[in-house]
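Notes follow the structure.
Just so it is clear, none of the values below were taken in a lab; they were calculated from the coordinates. Computed from a prediction, not measured in an experiment: that's the story for all the values here. Glycine also receives a Cβ, built like all others from the backbone with ideal geometry; neighbour counts cover every protein chain displayed.
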Amino acid sequence: MIVIAAFALIPALILSGAFVYTLNKTLIEDSELQAELQAKAVGDLVVSVFDRLMEDLVDVAADHNVAQSARSGAFSGYATDLLQRRIIRSREGIGAVIFDRNLTVAEAEPVELLLNDYSIFDNQIAGFLRRNSVIKEPAPIELVYEDSEELNLEQEPGAPKDQLAFITPLHLPTLIEAPASTLTGALLVIVDRKALVENIRKDLGSAALLSIKLGGKDIFSSSKQRKDFSTFTFTEQLNTGLEISVEVGVPLEIVQNRVNETIRHLILMLCSSLLALLFLSIAVAKRLLTPFRQLSRLVARISLGEYSQSSMDVKFKEPAQLLALVNRLTSRVIEDQAELESKVMERTELLRSTNDELSDTLDQLTQLQSHLVESETNAQLGQLVAGVAHEINTPLGISLTATTTLIDDLKKIRAIFDSNKLKRSDLEKHFALSDEALTLLEYNLNRGAELVRTFKEVSVDQSSGQRREFLLKSYLEEVVASLKAETKRHNIEFRISGDDKLSIDSYPGAYSHIFSNFILNSLKHGFTEAARSYLIAISFVLDGDLLHIEYTDNGTGMSDDVLDKMFKPFFTTGRNAGCTGLGMHIVYNMVTQRLGGTIRASHNVGRGACFHLIVPLVAPEHKN
Amino acid sequence: MKFNQFLCALSCLLLFITAAKAATLELWFEKYEAKPVFDDLAIKFQQETGINLKSQHMPTGDLKAAIIQGVSEDKGPDIVFAPSDFIGNHALLKLSEVDQVELTKGIKPEAMASVTEKGSVYGVPLLFGNHLLLYYNKRFVESPATTWQELLSQRKDIEGKGTNLISWKPMEMYWLIPFLTAFDGRPVDGDKVTLNTPEFKKGLAFYREQVDAGLINMRCSYECVYDHFLQGQYAYTINGDWAYRAMKASLGDDFGVAVLPSVEGRDMTPMTSSIALMFPGNSLGGEANKQINMFVQFMLRPENLIHLHEMSGMMPSQSETYDELEQKYSADPNMQAFFQQMKHTIPMPPTPQMSAAWIGMAKGVSVYMRKKASLDDSGKLMQVHAERELARQLRAE
């Protein structure tokens, strides 16, 4: 049940894994994007802080009353009020000082800045005023340092290099009495870098301000390790022309944590859900399986042959339906069983009677078979006899005709002789006829004798000789040598290959007859060109208890039709050449009966003849 | 022939423009109390002379800067009615010298002194005094304090009545002067600025002690010394003579005036000056000379000076009218205190030094009162910046 529930959860687990993976990927991308956006927001914040400061600085400097305040204290209230409203208020750590053209401080806001010594700026302010003696658009703003030393905002507050200052000229463009000399002084805004950065940091959130470059100068550089952050650098041009470069870092751990936390929550949630689902599945499975267990027990009982109806209370519709079906099935089984028993009895009775009939039929068939075998034997014998009769009939007929002719001629010559009218020419005719008739007799009687001998050989038992153990290869070589008288008329090469020491327990006479027949057939039917060199190859190999023997020649070979009919009795292509058509039939009988093997004829690779014999190493025993 | 005709037409046009311009005089003034007077007198002046008087009030702190700016852009007024210490900036203001004797005839010598710098007269005083007085509300004060110690001793009693002891404008330098003079401090001495003197610093230290003692709210503005006093939020206030009439009218029988109390046996001596007609942008030497002369003479008429006096409370600068009014108020204890205080004032010199001193003082007092600098540093600071301002003024000349 737990396994089922667990298996049921596999798709959910796979889906959850895929979901977590995809979400993780998306969250990382999203987190990196968020980090960039966060950094961009910080960059924009810093830029806007400086932009607003620069803009306010320019606006204040453009105010005529501020410009006048560098010339007359009558404008002090105006100027300081404007400085307070536009620059000082809402900004921490910032002050503004108005210098007159003689580089003396005229006004300051907050007023305590008047207590400071600004002589350190003298050279820079003097140079700045020289460069900006005439009004320019946009109003120039320069960053001035207390000296040329590198700034470091990370040092303790209040340190001497803890301030930076921006300067812009003060002009009175509409003065009618001195249009060529409108410069009244300069406005210096002093920014406490620590306060400025701290003020910016309030709005940074988790991001870190790493460095600020203004006008190509480092005005802030954090000592924080860059490797701990995803860093982003934003470079923009302030509205007043100064270029600002802000390096912002978003802690890597925050980028990762943001993802990890979400994934952790998600995994926790998924695990909780899956666990709950698992328990729920187990509970549901348990509840669902209860009726099936009941059904299982019921089916087990049924399988043991207890077909009694179940009246158990099963929950759920489907199992109840199943139970009803099982009950119906058991009812049906009981009915069917009864019906089956009845049918079995009927069928048994029927089978018994059928069996009796079959036994009778079998007996009849056996008798019929014997009859048929006998008929077939007789038919074969008849056929054989017809063949033998046919074959022998011709020489006998010719012999009889020759004898009759000779007898008639003899009677005729005797009559002439008796009448003493015998002439030399009559005698010579008689001699000629007698000579011819006797020649015919001799030939046809020899032919008949040959046929008879052959018929005798068809009976294998009579022609295969005794059984003994012999070396196959040596024996085959002897067979080939014994045919030397027939083979010497052809240019033939014999190749006999096989294990020299292979000894077989068989009938050497059968082997001699088979291979002599093959060789003589090759000479008679295959080797038709006298001038050509021929090859006869015999090879054998042992495969377990079976001997594979192959006979091939490179003669003219045989047609497919010949191959099909080759082993049938009296089939010959050389009837006119005195062939009986029994040679290969005898071979077939010897291989299959005497040697207990098989023979197959085929085309050789070079379209010669090929015979493949498979015979047992030990020939079967035969009754004499 | 055609060129002559063109010149003729151009001359006519210029004459017309000049006439049109001359037919209107623009007057900027600082004393808000004078507004209804100028509104009334403008009608009267127009009826008599056909000259329109366009008057514009400006707050004290803005007026001088506005005039300098206006003059620099040729948009300044023809006439300014302002404290005579403006003359200290006569170079920037381009004030016309008043060399017509008939315009200053009969004016009190002290008033004339307030508009004379290095022998040159730069204005026509209409009102004289402009000094600080100790006003009190009789509802809270039965007998005004004559010494600062006495004043402080009344604090508990007065605060027990649900009000505060005293108000003044702590960051206004004009109000600081009596505290300085009580210790013999003087902002200027001839052509020298004398802010970083022991006397001056002593007075300044005393001044801050009062603030530290919680006697005065540092954020007090003119509302404290006028509106809040009239509302009964303060038993005493130190304010100028220009508020006399309005406060008297508001408080009625509760209105009381006293001489500023002495400090450690020394008088608190306020400054005195005049409120004068001045002519920025050298307007008196310009095309409106005649109209300006007519207006000055119109304003110097006794009835018009009395009108100004009645509206503000400040005394006219003309000797004859002044004497008549002094006689008239001989039975008025408040006005007696008024005149008594007048006798215990120091004239405010209309010099660049004084103007520069005001600038330096404002800076030094600010840092000192806000405890951003020590007394010595504050003294140095105000001296340095006053001298720098003076140098700028002198360069402007």
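General observations
- Taking the square roots of five times each eigenvalue of the Cα gyration tensor of the protein assembly as shown, the equivalent ellipsoid has semi-axes of 159, 43, 28 Å, listed largest first.
- Given R0 = 35 Å, the distance between the Cβ atoms of A:Asn123 and B:Ser374 translates into a calculated FRET efficiency of 0.70.
- Viscosity 1.002 mPa s, 20 °C: Kirkwood-radius Stokes-Einstein D of region A:300-356 over Cα pairs, µm²/s: 159
- Test item: A:74-86 mean partner chain Cβ contacts at 10 Å: 4
- Net charge contributed by nearby residues that have their C-beta within less than 13 Å of A:Gln337 (K/R +1, D/E -1): -3
- Least to most buried among A:Thr290, A:Thr404 (fewest other Cβ within 10 Å first): A:Thr404, A:Thr290
- Here the label points at A:Thr401 and B:Asp254, each 7 Å from Cα along the C-beta direction, are separated by 18.8 nm in the simple model.
- Taken about its Cα centre, chain A carries a charge dipole of roughly 2840 debye when the Cβ of each Lys and Arg holds +1 and the Cβ of each Asp and Glu holds -1.
- Loop-located GluC sites (Glu not before Pro) in region A:44-126 (DSSP state other than H, G, I, E, B) with a sparse environment of at most 15 neighbouring Cβ atoms within 10 Å: A:Glu92.
- When region B:81-125 is reduced to its Cα atoms, the Kirkwood hydrodynamic radius in Å: 10.5
- Surrounding net charge for A:Phe515, when Lys and Arg each add one and Asp and Glu each subtract one, Cβ distance under 11 Å: -2
- Formal net charge of residues neighbouring B:Pro302 (Cβ-Cβ distance under 9 Å; K, R +1; D, E -1): -2
- Förster radius 60 Å - calculated FRET efficiency between A:Asn239 and B:Glu287, Cβ distance, rounded to 0.05: 0.85
- Directionally averaged projected area (region A:218-285, Cα convex hull): 7.6 nm².
- FRET efficiency estimate (nearest 0.05) - Cβ-Cβ, A:Asn517 to A:Asp561, R0 30 angstrom: 0.90
- Under conditions of 4 °C and 1.567 mPa s, region B:112-207 yields 80 µm² s⁻¹ as its translational diffusion coefficient, taking Rh as the Kirkwood radius over Cα pairs in the Stokes-Einstein equation.
- Chain B: translational diffusion in µm²/s, Stokes-Einstein, Kirkwood Rh over Cα pairs, 10 °C, 1.306 mPa s: 72
- Straight-line cross-link partners of A:Lys25 among the lysines, defined as a Cα under 24 Å from its Cα and at least 8 positions apart when in the same chain: A:Lys40, A:Lys227.
- Backbone N under 14 Å from the A:Leu9 label point (7 Å along Cα→Cβ), restricted to region A:261-303: A:268-285
- Acute angle (nearest 10 degrees) that the helix B:302-312 long axis makes with the longest principal axis of chain B, alpha-carbon atoms: 40
- Exposed trypsin sites (Lys or Arg not before Pro) absent: longest stretch of chain A, with sites in DSSP loops and at most 10 other Cβ within 10 Å deemed exposed: A:203-420
- In region B:254-397, the alpha-carbon atoms span a convex hull of 170 Å³ per residue.
- Relative contact order of chain A, taken over Cα pairs closer than 8 Å and 6 or more residues apart, is 9 percent.
- Convex hull of Cα atoms in region A:518-624, direction-averaged projection (nm²): 7.7
- Likely footprinting exposure, A:Leu196, B:Leu152, fewest C-beta neighbours within 10 Å first: B:Leu152, A:Leu196
- In region A:28-69, the alpha-carbon atoms span a convex hull of 33 Å³ per residue.
- Candidate lysines - alpha carbon under 30 Å from A:Lys423, same-chain residues fewer than 8 apart omitted: A:Lys411, A:Lys412
- Summary value for region B:96-164: 23 percent relative contact order, contacts being C-alpha pairs under 8 angstrom separated by 6+ residues.
- For q = 0.12, 0.15 Å⁻¹, Debye-computed log10 I/I(0) when each Cα of region B:35-127 counts as one equal scatterer: -0.43, -0.68
- Helix A:317-418 and the longest principal axis of the C-alpha atoms of chain A enclose an angle of approximately 40°.
- With Cα atoms, 0 to 90° folded angle of helix A:122-131 axis to chain A main axis: 80
- According to the Cα-based calculation, Rg over Rh for region B:217-325 is 1.07, with Rh computed by the Kirkwood formula.
- Label point 7 Å beyond Cα of A:Ser602 along Cβ direction - residues of region A:539-564 with amide nitrogen under 14 Å: A:548-553
- Model label sites at A:Leu329 and A:Arg201, defined 7 Å from Cα along the beta-carbon direction, differ in position by 8.0 nm.
- In units of the compact-protein estimate 2.2 N^0.38 Å, region B:49-204 shows a Cα radius of gyration of 1.35.
- Cα→Cβ-extended label distance, 7 Å offset, between A:Asp356 and A:Arg575, nm: 5.8
- Dividing the mean sequence gap of close Cα pairs (under 8 Å, 6+ apart) by how many residues region B:211-359 holds gives a relative contact order of 29 percent.
- Percent of C-alpha pairs per 5 Å bin in region B:161-255, short distances first: 3, 13, 21, 20, 16, 13, 9, 4, 2, 0.
- Listed by chain and number, the aspartates and glutamates whose alpha-carbon sits under 15 Å from that of B:Lys201, ignoring those within fewer than 8 places in the same chain, are B:Asp184, B:Glu209, B:Asp376, B:Asp377.
- The residues A:Cys610, A:Cys271, when put in order of fewest to most other Cβ atoms within 10 Å, stand as A:Cys271, A:Cys610.
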